[in-house]
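The values are calculated or read from the model by the stated rules, or taken from the named source; none is laboratory data. Because the structure is a prediction, the values reported are computed rather than measured. Cβ sites come from the backbone with ideal geometry, for glycine too, and all protein chains shown count toward neighbours.
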Amino acid sequence: MQDRRGFIRLLGGGTLAFGLAGSLGGCDAMPAEALAPWQGPAPDLRDPRLRMLAWALLAPNPHNRQPWLVDLADPGRVTLYCDRDRLLPATDPLGRQILIGQGTFLELLRLAARAEGFEARIAPFPEGPFPPDRLDGRPVAHVYLTPAPAQREPLFDSVTLRRSAKVPFDPERPVAEPALARLAEAAAVSGIGFAATSTPDRVTRLRAIVRAAWFTEARTPAAHGESVALMRLGAAEIAAHRDGISLHGPMIWWGSRLGLVSRAALADPEGSAFQAGVERYMKMFDGTATFAWLTSEADRRTDQLAAGIAYARLDLAAAREGIAIHPVSQALQEYPEMAPHYRALHEELGLAPPARAQMLVRLGHAPRPDPAPRRPVESLVI
């Protein structure tokens, strides 16, 4: 039993736990085909709309679900739908986070269209917005494409560099104020506010809220089970799915074969694998020296989509600045067990209804991690 516990502790401290994607080399390495989309559109991809989509699918999105479907039937238009087979009903019961992920996709699509020589005019919710409690089959947006001079906006050059960095940051290096000002400028989207803090007392209070919310999610069976179900254990599962939470490397490979790493072990809150995840995430939170957040004056579906556009721009600007970014969204989620942390966070941020925080992130300095897998662009087209 001690050997088993020691192995799992090594697993948590040396490679991956609960969503940290990385590779320790040859054994059980990240499949090349899962990372191929990060090289940009394939040379033989001639349709400019598919080339735009190949860039857009690199957008950040919750749990790496890649919840996008597109209709290309009209040659001058891209119609975006939410893939309702890729929702997160336990942790995102209202579909707010998924819709933010639609906004990130639209912003990368717009940037890619400019680079390809098109102006992209986004018409959100052409058949009306989704109801507040669910996402339905209506389109998220029509994107109308008209030829225009090709222009690479500065943020576009950061698309292949962006990451959600689930790694510890340097606790002695808060993000400098000039860099935060540049992030704020990049994230400026109508109706969305940006704020950040490196003030030690406030950072300490935010750490406490983030830690408590993480523990609540981890101890809520439906919420934690949703994450565990989306874990891709080892290179074979990663290659088969090319989405979700990737766990791979020699420790995962050996642990799986020894029966020490499995979904059952990762789901057991009393087990060693779970405790390894706790230790890993506590190190991340405790090492955070800067938090930032995006807010909206209301919580309409249009606000959520705008928050996604702003977050995509924030993410790309962070990559350009060499700043690590990691969303810590648990306290923003709308299921009942999370309500005390939701209230605590909004009180700390000075927000009262109908205003709300849409995104909360850690910012800092760390080596750039490997990217997350992506599905082939053709899989998005209906």
Q: Kindly provide the set of residues from segment 283-299 that are among the charged types (D, E, K, R) and either free of Cβ contacts under 8 Å to residues at least 60 places away in the same chain or under 13 Å from I100 (Cβ atoms) (or both), ordered by number.
A: D299
Q.
I'd like the full set of residues that are under 29 Å from V377 (Cα atoms) and either among the small types (G, A, S) or modelled with pLDDT of 85 or more (or both), limited to segment 240-260.
A. A240, H241, R242, D243, G244, I245, S246, L247, H248, G249
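Hey, any hits in segment 116-132 for a residue that's under 30 Å from A366 (Cα atoms) and at pLDDT 95 or above?
Of the residues in segment 116-132, the ones under 30 Å from A366 (Cα atoms) are none.
The answer is no, given that none of the residues of segment 116-132 is under 30 Å from A366 (Cα atoms) and at pLDDT 95 or above.
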Q: Answer with yes or no whether Q330 is surrounded by 23 or more Cβ atoms within 10 Å (Cβ to Cβ), closer than 25 Å to S227 by Cβ and touching a Lys or Arg at 6+ places or on another chain (Cβ under 9 Å).
A: no
Q: Using the structure shown, decide if V228 is farther than 30 Å from D85 by Cα and part of a helix (DSSP H, G or I).
A: no
(Q) surrounded by fewer than 18 Cβ atoms within 10 Å (Cβ to Cβ) and either touching a Ser or Thr at 6+ places or on another chain (Cβ under 6 Å) or at positive phi (or both): which single residue out of E337, E347 fits that description? (A) E337
Q: Please work out which residue is nearest to G193 (Cα to Cα), limiting yourself to segment 355-382 and to residues that are in contact with a Phe, Trp or Tyr (Cβ under 8 Å, 6 or more places away or on another chain) and assigned to a loop (DSSP other than H, G, I, E, B).
A: H365
Q) So, of the residues in segment 231-241 that are in a helix (DSSP H, G or I) and either in contact with a His (Cβ under 9 Å, 6 or more places away or on another chain) or acidic (D, E) (or both), which turns out to be surrounded by the fewest Cβ atoms within 10 Å (Cβ to Cβ)? A) E237
Q: Collect the residues in segment 310-333 that are part of a loop (DSSP other than H, G, I, E, B), of a type outside the set (V, I, T) and closer than 21 Å to P367 by Cα, keeping them in residue-number order.
A: G322
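Among residues belonging to segment 160-211 that are of a type in the set (G, A, S) and part of a helix (DSSP H, G or I), point out the one that is nearest to G287 (Cα to Cα). Talk me through it step by step, then tell me what you get.
To start, the set of residues in segment 160-211 that are of a type in the set (G, A, S) comprises 164-165, 176, 179, 181, 184, 186-188, 190-191, 193, 195-196, 198, 208.
Of the ones still in play, those that are also part of a helix (DSSP H, G or I) are 179, 181, 184, 186, 208.
Working: A179: 19, A181: 22, A184: 23, A186: 25, A208: 12 Å.
Within segment 160-211, the match that is nearest to G287 (Cα to Cα) is A208.
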Q.
I need the full set of residues from segment 87-110 which are closer than 12 Å to L380 by Cβ and without any contact (Cβ under 8 Å) to a residue 60 or more places away in the chain, in order please.
A. L109
Q. Restricting the first residue to segment 176-199 and requiring it to be of a type outside the set (A, V, I, L, M) and surrounded by 19 or more Cβ atoms within 10 Å (Cβ to Cβ), which pairs with a second residue that is assigned to a helix (DSSP H, G or I) and modelled with pLDDT of 95 or more meet a Cβ separation below 6 Å and a spacing of at least six or different chains?
A. F194/A184
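Do we have any residue at all in segment 139-153 that's in contact with a Lys or Arg (Cβ under 8 Å, 6 or more places away or on another chain), surrounded by fewer than 20 Cβ atoms within 10 Å (Cβ to Cβ), in contact (Cβ under 8 Å) with a residue 60 or more places away in the chain and not hydroxyl-bearing (S, T, Y)? Spell out the reasoning first.
Filtering segment 139-153 for residues in contact with a Lys or Arg (Cβ under 8 Å, 6 or more places away or on another chain) gives 142-146, 148, 150-153.
Next, only the ones that are surrounded by fewer than 20 Cβ atoms within 10 Å (Cβ to Cβ) stay: 142, 144, 146, 148, 150-153.
Of the ones still in play, those that are also in contact (Cβ under 8 Å) with a residue 60 or more places away in the chain are 142, 144, 146.
Within this subset, residues satisfying the condition of being not hydroxyl-bearing (S, T, Y) are 142.
Scanning segment 139-153, I find at least one residue that is in contact with a Lys or Arg (Cβ under 8 Å, 6 or more places away or on another chain), surrounded by fewer than 20 Cβ atoms within 10 Å (Cβ to Cβ), in contact (Cβ under 8 Å) with a residue 60 or more places away in the chain and not hydroxyl-bearing (S, T, Y), so the answer is yes.
Residues checked against (1) free of Cβ contacts under 8 Å to residues at least 24 places away in the same chain; (2) touching a His at 6+ places or on another chain (Cβ under 8 Å); (3) of a type in the set (A, V, I, L, M, F, W, C); (4) more than 25 Å from T216 (Cα to Cα):
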| position | (1), (2), (3), (4) |
| --- | --- |
| A312 | no, no, yes, yes |
| H341 | no, no, no, no |
| E347 | yes, no, no, no |
| L351 | no, no, yes, no |
**Q.** Out of Y342, Y311, Y281, sole residue that is touching a strand residue (DSSP E or B) at 6+ places or on another chain (Cβ under 7 Å) and of a type in the set (F, W, Y)
**A.** Y311
Q. So which strands (runs of 3 or more DSSP E) stay within segment 51-150 end to end and still have 1 or more residues that are out of contact with any strand residue (DSSP E or B) (no Cβ under 6 Å at 6 or more places or on another chain) and under 22 Å from A34 (Cβ atoms)?
A. 68-71
